[in-house]
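Reading through the structure tokens given below for one structure.
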Amino acid sequence: LSNIPEDLFKNNIKVKEFSQTFIDCTGLTSIPEGLFNNNVNATHFIAVFSWCSGLTSIPEGLFKNNVNLLSLDYTFKGCRGLTNIPKGLFKNNVNVTSFKEIFSGCTGLTGIPEELFKNNINVTNFNETFYNCTGLRSIPEGLFKNNVKAIEFRKTFVYCKGLTSIPEDLFRNNVKVTDFYNTFVGCTGL
């Protein structure tokens, strides 16, 4: 599979889950921005594009109409060809509660937009979100500042070997956190 028709799910407005839909499609290099435009009832996008190692970009408006999303766990896990994340990718997904392993293994990522999770005020789980993102060079200080309901940051940046520092106020507003287990293990550049 090397391309996805933009209108593939146009008439599937009742769909609640798109889990593992395109998993391991290594020939896929891009995603049409309007792919999920009509799927306003979808709540789970678990591992939708996991292991699509040829994927080089994510359209900023991919999830713009999916306002009922609850989980994006593993969505882009293992997408080694990704080099950046659009800053407004999740801006309309205020109901999301979990970003577990969403970018885990995205070794080509070099940075994270500071406003990536700005509107995701209901997130509780950031476990392994950037696990093994070896190309990551920095973490923006305000990355989690609006995620005041977050309780888990387990292994969030494990093996991010390219990191050379941690912002002092990274978790300043995350006062409900109960789990920082192995958050920065294997970050050999620190």
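Sort out which residues of region 88-100 are open to solvent by 20 Å² or more (accessible area, probe 1.4 Å) and either under 19 Å from Val158 (Cα atoms) or of a type in the set (S, T, N, Q) (or both), and write them in order of number.
Asn92, Asn95, Thr97, Lys100
Just to check your reading of the model, which residue among Asn127, Asn120, Asn84 is in contact (Cβ under 8 Å) with a residue 12 or more places away in the chain, more than 24 Å from Ser53 (Cβ to Cβ) and among the polar types (S, T, N, Q)?
On inspection, the qualifying residue turns out to be Asn120.
From the list Ser50, Ser57, which one is closer than 14 Å to Cys106 by Cα, assigned to a loop (DSSP other than H, G, I, E, B), among the hydroxyl-bearing types (Ser, Thr, Tyr) and in contact with a Phe, Trp or Tyr (Cβ under 6 Å, 6 or more places away or on another chain)?
Just a single option satisfies the conditions, and that option is Ser50.
Tell me yes or no: at least one residue of region 41-62 is under 16 Å from Glu6 (Cβ atoms), surrounded by fewer than 20 Cβ atoms within 10 Å (Cβ to Cβ) and over 15 Å from the mean Cα position of the chain (by Cα).
no
Residue check: is Thr134 over 14 Å from the mean Cα position of the chain (by Cα) and under 24 Å from Thr26 (Cβ atoms)?
Yes, satisfied.
If Ser104 satisfies all but one of (1) of a type in the set (Gly, Ala, Ser); (2) buried (at least 20 other Cβ atoms within 10 Å of the Cβ); (3) more than 18 Å from Ile58 (Cβ to Cβ), what's the number of the condition it fails?
Tallying (1) of a type in the set (Gly, Ala, Ser); (2) buried (at least 20 other Cβ atoms within 10 Å of the Cβ); (3) more than 18 Å from Ile58 (Cβ to Cβ), Ser104 fails exactly one: (3).
The values are calculated or read from the model by the stated rules, or taken from the named source; none is laboratory data. Just so you know, these numbers come straight off a predicted model, no measurement behind them. Positions of Cβ are generated from backbone atoms using ideal geometry, with glycine treated the same way; all protein chains shown enter the neighbour counts. Keep in mind that these areas ignore ligands, DNA and RNA; they rest on the heavy atoms of the full protein, side chains included. Shrake-Rupley method; radii C 1.70, N 1.55, O 1.52, S 1.80 Å.
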